[in-house]
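Chemist: Pasting in a structure now, in structure tokens, and then I'll have a few things to ask.
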Amino acid sequence: MTTASESHRPATVVNHPHLIAAIDAGQTEKSRGFAFLNREGGEDFMSFATLREEAMNRAAHFRALGLKHGDRVALVLPDGQDFVPTFLGAVWAGLVPVPLYPPLSLGKLDAYLETLVNICRKATPAYLVTNAKLSQVLWSGAARIPSLQGVLAAEELRQPAPSEASREPAKVSGDDLCFLQFTSGSTSLPKGVEVTHDALRANAWAIMRDGLNTDSSVDMGVSWLPLYHDMGLIGFVLSPLFHNVQVTFIPTLSFVRGANIWLSTIHKKRGTISFAPNFAYSLAAKRAKPEQLENWDLSCMRAFGCGAEPINPTTMKNFVETFIPAGLKASALVPCYGMAEATLAISFIGLDEELSTDKIDATTYRDEKRAVPAQGNAATVEFVSCGRTFPGHDVGAFADDGQRLPDRQVGELWVKGPSIARGYYQDPQASEATFGQGWLRTGDLGYLVDGQVFITGRKKDLIIINGRNYDPQRIEWLVDEMPEVRRGNTVAFSVPGQASEELVVVVESRSENPAALKEAITQRVNEELSLNCSAVVVAPPGSLPKTSSGKLQRSRTRQQYLDGTVGKEGVRTLGASADRAVLAKHVALAWVGKSRHRVRRIAKHTIEIRNLRDAVYKVKLANHWARALVGRLLP
């Protein structure tokens with residue numbers, strides 16, 4: 001693939017054998033490292049040397065608890081200052097961290113805890129690490145996880161570990177499991193991707209060297225991405241650690257509350273590398289104010305990467321046009337393709353290339369699954385090039401019968417190479433279906449042109465009406481542009497009809513005239529795509545289901561529509577009184593769960609049993625104590 005210009009050459013190229021070696025290499029780096037912005041506007045800096053010391057201390061804490069090589073540790077830590085050293089500490093001790101997303105709001109706390117319990121039952125962690133505040137709620141679910149020996153507060157792990165506990169690095173091999181990355185669950189239930197040390201090392205090299213050609217003496221990453229998600233964790237914590245690149249982290253909630261903090265921080269920190277999903281680029285362009293465009297200098301940026309969801313060519317072009325007055329170079333935009341099962345990255349466009357799109361004939365694409373360049377006045381569909389895959393890797397489009405397809409023939413994209421994960425944790429059937437026969441079957445539809453990858457959509461989400469194929473995101477992007485629709489909150493899918501599948505569109509809106517909005521959406525979809533909407537649903541803001549990474553869940557929205565519950569299962573943000581009620585319930589349940597867990601632990605490990613009568617008496621005593629506590633907490 002095309003790399004950076006010849007003038008940008010890294011001073012030192014390092015390829016550590018595994019993540020533990022990369023952490024250890026930071027012991028002399030006392031002035032370089034990670035900066036964490038806090039919600040008050042301040043900054044906490046951790047040098048690479050400090051991160052190493054903090055990782056060693058946390059590793060000693062884990063060992064003092066009796067954790068052994070390969071044990072899993074679940075992490076629910078919203079603050080980077082806690083998450084990063086705790087994750088690295090688990091790896092240093094030879095444990096397997098399982099990063100999980102924290103509660104994003106109280107509006108769907110019940111559903112969140114159910115997901116947390118289901119994931120942890122699959123991952124079987126020995127401990128769950130969170131902060132003291134969240135532990136008051138998470139015990140509500142933690143008590144239902146059989147493998148869990150306890151919940152640790154991050155505040156405890158900051159304290160000096162017992163002196164007798166070992167701080168030595170674990171000995172690992174390349175095939176050892178480094179961490180479990182649970183998928184976002186946009187089209188299915190979350191599955192634990194097994195990322196090995198070798199796969200992580202290979203993908204870190206592909207990103208930082210083959211893709212970005214980083215120079216640790218000048219490059220600065222800036223990221224607001226959540227650290228429990230693969231793009232935030234691998235792209236901005238682990239890969240930079242392997243290659244000694246400094247990063248400034250913005251709290252994700254700070255970006256959600258004000259997208260301008262992203263570009264403002266890049267300007268102040270002279271950032272050179274940042275990545276985000278498509279919606280963030282749309283939001284940044286929309287929120288930028290004229291006075292900010294005059295004051296910001298974005299000429300420092302080498303790579304604005306875009307991935308994690310289908311890339312809208314209109315959004316990309318608008319972002320470039322909006323920020324060129326602030327010094328943004330058109331070549332700084334880097335569309336890319338990746339997924340958790342490939343560790344993270346699969347393909348990048350070259351750093352000296354500008355945004356490239358492919359306009360193809362819409363009719364041939366929908367009817368014949370071929371991407372034929374458009375001619376004349378025919379209807380077109382436009383896709384963004386996500387570049388070429390990395391050296392040592394291969395990507396191709398395949399038919400349903402497993403035959404590799406030629407250029408411009410649409411099929412499922414398959415990938416192979418050293419970055420591919422080992423499989424799904426404790427799920428051999430799903431592993432064989434996705435990772436079998438030497439290829440990763442991505443579930444994504446797309447085509448190639450001279451090695452360039454073009455993503456057209458998800459195989460499971462494809463809408464087929466009257467024998468024609470339609471990508472849901474094309475319909476969604478069209479509706480998103482309408483004034484009263486909340487941008488990025490439209491879902492399109494099909495449902496069984498009398499003669500064929502029928503199209504349904506669901507949007508979030510605050511419209512005071514939903515009937516008129518439904519009519520306008522129906523008319524626009526018909527005019528632009530010659531499709532008839534069987535139904536249009538206008539739902540309250542914050543009511544459509546999303547994954548932990550912010551992706552809309554089409555399959556779940558479709559099921560809600562069929563069940564008649566779309567827009568009625570609670571919102572992501574409730575009013576203050578409802579928030580307090582939900583929180584009070586789970587705090588009470590957490591106390592109950594924590595107490596019952598303690599009783600079980602005491603009964604199992606610490607009660608001295610002198611005889612059978614004594615054992616029966618102590619079990620009754622423990623049950624009586626727990627029941628009394630329940631009676632005090634719940635009506």
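Chemist: Once a ≥ b ≥ c are taken as the square roots of the eigenvalues of the Cα gyration tensor of the range 258-379, is the result rounded (a/c under 1.5), prolate (a/b larger than b/c) or oblate (a/b not larger than b/c)? Before the final figure, lay out the partial values.
Modeler: On the way: a/c = 2.31, a/b = 1.68, b/c = 1.38.
The shape class here is prolate.
Chemist: How much FRET efficiency would the formula 1/(1 + (r/R0)^6) give for residue 422 and residue 523, where r is the Cβ-Cβ distance and R0 is 60 Å, rounded to 0.05? Working shown, then result.
Modeler: On the way: r = 50 Å, r/R0 = 0.83.
Efficiency computed from Cβ-Cβ geometry: 0.75.
Chemist: Please report the Cα spread of the range 516-560 along all three principal axes, rounded to whole Å, starting with the longest.
Modeler: 35, 20, 18
Chemist: Of 295, 212, 440, whose Cα points farthest to the positive end of the dipole of the chain (charges on the beta-carbon: +1 Lys, Arg; -1 Asp, Glu; origin at the Cα centre)?
Modeler: Checking the options against the dipole of the chain, the answer is 440.
Chemist: How much accessible area per residue does the chain have, in Å², with a 1.4 Å probe? If you can, show how the numbers build up before the last one.
Modeler: On the way: 27250 Å² over 635 residues.
I get 43 Å² per residue for this part.
Chemist: Still on this structure, I have one more. Calculated FRET efficiency, residue 484 and residue 287, Cβ-Cβ r, R0 22 Å, to nearest 0.05? Intermediate results must be reported in sequence, preceding the final value.
Modeler: On the way: r = 18 Å, r/R0 = 0.84.
Given R0 = 22 Å and the Cβ-Cβ separation, E is 0.75.
Chemist: Can I ask one more? What nm value, rounded to one decimal, do you get for the distance between residue 165 and residue 111 when each label is placed 7 Å out toward the C-beta?
Modeler: Those two pseudo-labels are separated by 3.7 nm.
Chemist: Restricting to the chain, compute how many DSSP beta bridges are antiparallel as a %, nearest 5. Each step should come with its number before you reach the end.
Modeler: Numbers: 51 of 83 bridges.
Among the beta bridges of the chain, antiparallel pairing accounts for roughly 60 percent.
Chemist: A further question on this structure: Would you calculate the convex hull of the Cα atoms in the range 208-326 and tell me its volume per residue in Å³?
Modeler: On the way: hull volume 11.8 nm³, N = 119.
It is 99 Å³ per residue.
Chemist: Kindly write out, for the range 115-122 in residue order, the coupling ³J(HN,Hα) from the Karplus curve 6.51 cos²θ - 1.76 cosθ + 1.60 (θ = phi - 60°), rounded to whole Hz, with x marking Gly and Pro.
Modeler: 5, 4, 4, 4, 5, 5, 5, 7
Chemist: Grab the Cα-Cα distance for residue 535 and residue 379, subtract it from 0.36 nm times how many residues apart they are, and report the gain in nm with one decimal.
Modeler: Working: separation 156, 0.36 × 156 = 56.16 nm, distance 2.48 nm.
This chain segment gains 53.7 nm when fully extended.
Chemist: Per residue of the range 469-475, in order, report the coupling 6.51 cos²θ - 1.76 cosθ + 1.60 (Karplus, θ = phi - 60°) as ³J(HN,Hα) in whole Hz, putting x for Gly and Pro.
Modeler: 9, 10, 7, x, 5, 5, 5
Chemist: In this model, which of 68/191; 30/416; 108/268; 191/518; 268/546 are farther than 28 Å apart at the alpha-carbon?
Modeler: Going by Cα-Cα distance, 30/416; 108/268; 191/518; 268/546 fall outside the 28 Å limit.
Chemist: In whole Hz, what ³J(HN,Hα) sequence does the range 524-535 give by Karplus (6.51, -1.76, 1.60; θ = phi - 60°), x for Gly and Pro?
Modeler: Working through the residues one at a time gives 5, 4, 5, 5, 7, 10, 6, 10, 9, 7, 5, 7 Hz.
Chemist: Now for a separate question. In the range 317-364, what GluC sites (Glu not before Pro) fall in a loop by DSSP, with at most 15 other Cβ atoms inside 10 Å? Can you show the working numbers first?
Modeler: Working: sites: 321, 341, 353, 354; in loops: 353, 354.
Counting only loop positions with at most 15 other Cβ atoms within 10 Å, the GluC sites (Glu not before Pro) in the range 317-364 are 354.
Chemist: Now, a different point. With Rg and Dmax of the Cα atoms in Å defined as stated, name the option among [x] 30.3, 90; [y] 27.8, 97; [z] 25.5, 91 computed from the structure displayed.
Modeler: It is the one labelled [z].
Chemist: Hey, can you grab everything whose amide H is under 5 Å from the amide H of residue 220? Only 5+ residues off in sequence or another chain; H modelled, so Pro and N-termini drop out.
Modeler: Under 5 Å from the amide H of residue 220: 272, 273.
Chemist: How far is helix 278-287 tilted, in degrees, relative to the longest principal axis of the Cα atoms in the chain, given as a value from 0 to 90 rounded to the nearest 10?
Modeler: With rounding to tens, the tilt is 80 degrees.
Chemist: Taking the Cα centre of the range 261-301 as origin and charging only Cβ (+1 Lys, Arg; -1 Asp, Glu), how large is the dipole, in debye to the nearest 20?
Modeler: Values: 6 positive and 3 negative charges, 28 e Å.
Using only the charged Cβ atoms, the result is roughly 140 debye.
Chemist: Around residue 71, which amide H atoms from residues at least 5 apart in sequence, or from another chain, sit under 5 Å from its own amide H, with H modelled in the peptide plane?
Modeler: When sequence neighbours closer than 5 places are left aside, the close amide H contacts are 96.
Chemist: Let me ask you something else. Express the C-alpha Rg of the range 85-240 as a ratio against the empirical globular expectation 2.2 N^0.38 Å, rounded to two decimals.
Modeler: Values: Rg = 16.9 Å, N = 156, 2.2 N^0.38 = 15.0 Å.
Normalised by 2.2 N^0.38 Å, the Cα Rg of the range 85-240 equals 1.13.
Chemist: Separation between the residue 268 and residue 468 pseudo-spin-labels, each 7 Å from Cα along Cα→Cβ, expressed in nm?
Modeler: Each label point is offset 7 Å from its Cα along the Cβ direction, giving 5.1 nm.
Chemist: Continuing with the same structure: Debye sum, Cα scatterers, the range 363-503, no solvent: what log₁₀ I/I(0) at q = 0.11, 0.16 1/Å?
Modeler: -0.51, -1.00
Chemist: Another question, if that's okay. Quick one: angle between helix 313-323 and the longest Cα principal axis of the chain, in degrees between 0 and 90, rounded to 10, please.
Modeler: 80
Chemist: Ignoring ligands, DNA and RNA, how do 477, 92 rank by accessible area with a 1.4 Å probe, largest first? Each step should come with its number before you reach the end.
Modeler: On the way: 477 40, 92 0 Å².
Greatest to least solvent exposure: 477, 92.
Chemist: Compute and list, largest first, the equivalent-ellipsoid semi-axes of the range 385-432 from the alpha carbon gyration tensor, each √(5λ) rounded to a whole angstrom. Display every interim value, and only then the final one.
Modeler: Numbers: eigenvalues 102, 53, 13 Å².
Computed over the range 385-432, the values are 23, 16, 8 Å.
Chemist: Follow-up question, since we're still on this one. Suppose we keep just the alpha-carbon trace of the range 72-156; what are its Rg and Dmax in angstrom?
Modeler: 11.9, 37
Chemist: Follow-up question, since we're still on this one. Quick check for you: which residues of the range 46-76 have the amide N under 18 Å from the point 7 Å beyond the Cα of residue 132 toward its beta carbon?
Modeler: 76
Chemist: Sticking with this one: In the range 229-294, if every C-alpha pair distance is counted and binned at 5 Å from zero, what percent goes to each bin?
Modeler: Computed distribution, short to long bins: 3, 14, 26, 26, 18, 7, 4, 1.
Chemist: Here's a follow-up. Can you return the aspartates and glutamates within cross-link range of residue 460? Criterion is Cα-Cα under 15 Å, with same-chain partners fewer than 8 residues away left out.
Modeler: 309, 400, 412, 444, 471, 501
Chemist: Another question about this same structure. For the chain, calculate the relative contact order in percent as a whole number, restricting contacts to Cα pairs under 8 Å that are 6 or more residues apart.
Modeler: On the way: 1288 pairs, mean separation 80.6, N = 635.
That works out to 13 percent.
Chemist: Also, quick follow-up: Which whole-number percent is the relative contact order of the range 269-383 (Cα, under 8 Å, 6+ apart)? Walk me through the numbers before you get to the answer.
Modeler: On the way: 189 pairs, mean separation 25.1, N = 115.
Relative contact order comes out at 22 percent.
Chemist: Using 0.36 nm times the number of residues separating residue 356 and residue 21, minus their current alpha carbon distance, what extension gain do you get? Please report the intermediate quantities before stating the final value.
Modeler: Values: separation 335, 0.36 × 335 = 120.60 nm, distance 3.85 nm.
The span from residue 356 to residue 21 would gain 116.7 nm if fully extended.
Chemist: Report, in whole Å, the centroid distance computed from the Cα atoms of the range 186-244 and the range 497-567.
Modeler: Result: 35 Å between the Cα centres.
Chemist: If you don't mind, there's one more thing I want to ask. Percent relative contact order of the range 186-270, based on C-alpha pairs within less than 8 angstrom and at least six residues apart? Don't jump to the answer; show the numbers that get you there.
Modeler: Details: 76 pairs, mean separation 25.0, N = 85.
This gives 29 percent for the range 186-270.
Chemist: On the full set of protein chains, 1.4 Å probe, figure out the accessible area of residue 317 and give it in Å² to the nearest 10.
Modeler: 80
Chemist: Assuming R0 = 56 Å, what is the FRET efficiency of residue 53 and residue 401, from their Cβ-Cβ distance, to the nearest 0.05? If you can, show how the numbers build up before the last one.
Modeler: Working: r = 55 Å, r/R0 = 0.99.
Rounded to the nearest 0.05, the efficiency is 0.50.
Chemist: Against the 2.2 N^0.38 Å scaling, with N counting residues, where does the range 292-449 land? I'd like the Cα-based Rg ratio to two decimal places.
Modeler: Details: Rg = 17.9 Å, N = 158, 2.2 N^0.38 = 15.1 Å.
Here the answer is 1.19, to two decimals.
Chemist: While we're looking at this one, here's another question. Looking at the square roots a ≥ b ≥ c of the eigenvalues of the Cα gyration tensor of the range 429-490, which shape do they give, rounded for a/c under 1.5, prolate if a/b is larger than b/c, or oblate? Don't skip to the answer; put the middle values down first.
Modeler: Numbers: a/c = 2.21, a/b = 1.94, b/c = 1.14.
It comes out prolate by the Cα gyration axes.
Chemist: Turning to a different aspect of this structure: Of the accessible area of the range 224-276, with the probe set at 1.4 angstrom, what percent is carbon plus sulfur?
Modeler: Values: 780 of 1330 Å².
Exposed carbon and sulfur together represent 59 percent of the surface.
The values are calculated or read from the model by the stated rules, or taken from the named source; none is laboratory data. If you're wondering where the values come from, they're calculated on a predicted model, not measured in any experiment. Heads up, the Cβs are rebuilt from the backbone with ideal geometry, glycines too, and the neighbour counts pull from every protein chain shown. Ligands, DNA and RNA are stripped out before the accessible areas are found, and what is left, the full protein with its side chains, is counted by its heavy atoms. Shrake-Rupley method; radii C 1.70, N 1.55, O 1.52, S 1.80 Å.
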